[in-house]
1. Just give me the residues in region 109-124 being open to solvent by 20 Å² or more (accessible area, probe 1.4 Å) and under 18 Å from the mean Cα position of the chain (by Cα), in sequence order.
2. Select, from LEU206, LEU222, LEU152, LEU135, the only residue that is within 20 Å of HIS297 (Cβ to Cβ) and under 21 Å from the mean Cα position of the chain (by Cα).
3. Looking at region 1-34, which of its residues are aromatic (Phe, Trp, Tyr) and touching a residue at least 60 places away in the same chain (Cβ under 8 Å)?
4. Out of (1) surrounded by 20 or more Cβ atoms within 10 Å (Cβ to Cβ); (2) under 19 Å from THR179 (Cβ atoms); (3) under 20 Å from the mean Cα position of the chain (by Cα), what's the single condition that is false for ALA287?
5. Listed residues LEU219, LEU263, LEU194; which is crowded, with 19+ Cβ neighbours inside 10 Å and modelled with pLDDT of 95 or more?
6. Tell me, which residue of region 158-189 that is assigned to a helix (DSSP H, G or I) and β-branched (Val, Ile, Thr) is most open to solvent (accessible area, probe 1.4 Å)?
7. Being in contact (Cβ under 8 Å) with a residue 60 or more places away in the chain, over 25 Å from GLN74 (Cβ atoms) and either among the hydrophobic types (A, V, I, L, M, F, W, C) or surrounded by fewer than 20 Cβ atoms within 10 Å (Cβ to Cβ) (or both) is the requirement here; does LEU152 meet it?
8. Could you say whether any residue in region 129-145 is outside the structural domain of LEU222 (by TED's automatic domain parsing), over 22 Å from CYS60 (Cα atoms), in contact with a Phe, Trp or Tyr (Cβ under 9 Å, 6 or more places away or on another chain) and buried (at least 24 other Cβ atoms within 10 Å of the Cβ)?
Amino acid sequence: MALPKVGWIGLGIMGKPMVRNLLNAGYPLVVWNRSRPAVDLAASWGATPANSAKEVAEQCEIVVTMVPDSPDVQQVVLGPNGIYEGIRPGSVYVDMSTISPMVTKRIAAKLAEKGVQMLDAPVSGGDIGAQRGTLSIMVGGPREAFERCLPLFQILGENIVHAGEENGLGQFVKLCNQTACGLNLLAMVESIALGAKAGLDLEKMLAAITKGAAGSWMLSNLGPKVIAGDWEPGFMVKLQQKDLRLVLEAAASLGLPLPGTALVHQLFRVVEAAGLGEKGTQALAHALERMGNFKIHPDEG
Ligand code: NAP
């Protein structure tokens, strides 16, 4: 059976490798990105370039977005020349960005007026997971739409969970994920800070603790970057802050205290205040360096 034509909007750190994996799997793709160079790159891999989100939606039966935040998704879907204007009844719209569950519900209700089903399908696994096609994908929305998109999700990820038929449930699962990620990040940088201050061989320390009870994705994947002084982003601090804000807003609406998450959010503010918002989340180590008045890499400026 012919693969459905897929539209893709948002070709950043995550969108680019995800599109590449779909092209390699044989999916016909139509792409649009706010700035042009990423569109040209995807076209060089075999995607069809478009001039707007509307133009993408007009041509495709599944339309995916991978952009930063709630206002960006709103603009791309409901703004001028947006998906809403072009999408045909019977198509499915999939938002793989991490955004507010409440905004997700509102967008889904608007699209339903046009006979379009929506899935919220945020992901976890970082840029590495996007490149390797090993993402975790947490999906909210109608089962029928989920089953239609499952073959596509199976190219992009390995652990695919349908959280339930209600839109926003995928985003809520992702917020639980980000709560755990934030605290694991803090655990990772605190252990390296202690090791550095004590003058340990940090590579040996990491080798010893990564496989034991302290092991985590953060220790295995971002620990070596901290030790190497590599602050380049897989996931940017400013996006992590967006996610922690979404977690804390959701928790506030439920009357739930999340003290650890609030602490990590404040510590990341130290990193942002130092002008490092576009560095990777491993830059949380800088907050500890500032408070402890020390350097993990004494030779670093
Ligand atoms: P990114 O590298 O900043 O890419 C964002 C993309 O969205 C860019 O292509 C950007 O276009 C486009 N964009 C931004 N604002 C837009 C707007 N208002 N209208 C249209 N397009 C817009 O971000 P990313 O790391 O790929 O993250 C994308 C989403 O995935 C976020 O929700 C993030 O939280 C989530 N996520 C990221 C990771 C990760 O490790 N990076 C992991 C899991 C989930 P330009 O090229 O013109 O800037």
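The values are calculated or read from the model by the stated rules, or taken from the named source; none is laboratory data. Since the structure is predicted, the reported quantities are computational estimates derived from the model, not experimental observations. Using ideal geometry, Cβ is built from the backbone for each residue, glycine included, and neighbour counts are taken over all protein chains shown. Areas reflect the complete protein model, heavy atoms only, side chains present, ligands, DNA and RNA absent. Shrake-Rupley method; radii C 1.70, N 1.55, O 1.52, S 1.80 Å.
1. Listed by number, the list holds a single entry, SER124.
2. Step by step, each of LEU206, LEU222, LEU152, LEU135 is checked, and only LEU222 is within 20 Å of HIS297 (Cβ to Cβ) and under 21 Å from the mean Cα position of the chain (by Cα).
3. TYR27
4. (3)
5. Going through LEU219, LEU263, LEU194 in turn, just one is crowded, with 19+ Cβ neighbours inside 10 Å and modelled with pLDDT of 95 or more: LEU219.
6. That would be VAL173.
7. No; evaluated as a whole, the condition is false for this residue.
8. Yes; the residues of region 129-145 include at least one that is outside the structural domain of LEU222 (by TED's automatic domain parsing), over 22 Å from CYS60 (Cα atoms), in contact with a Phe, Trp or Tyr (Cβ under 9 Å, 6 or more places away or on another chain) and buried (at least 24 other Cβ atoms within 10 Å of the Cβ).
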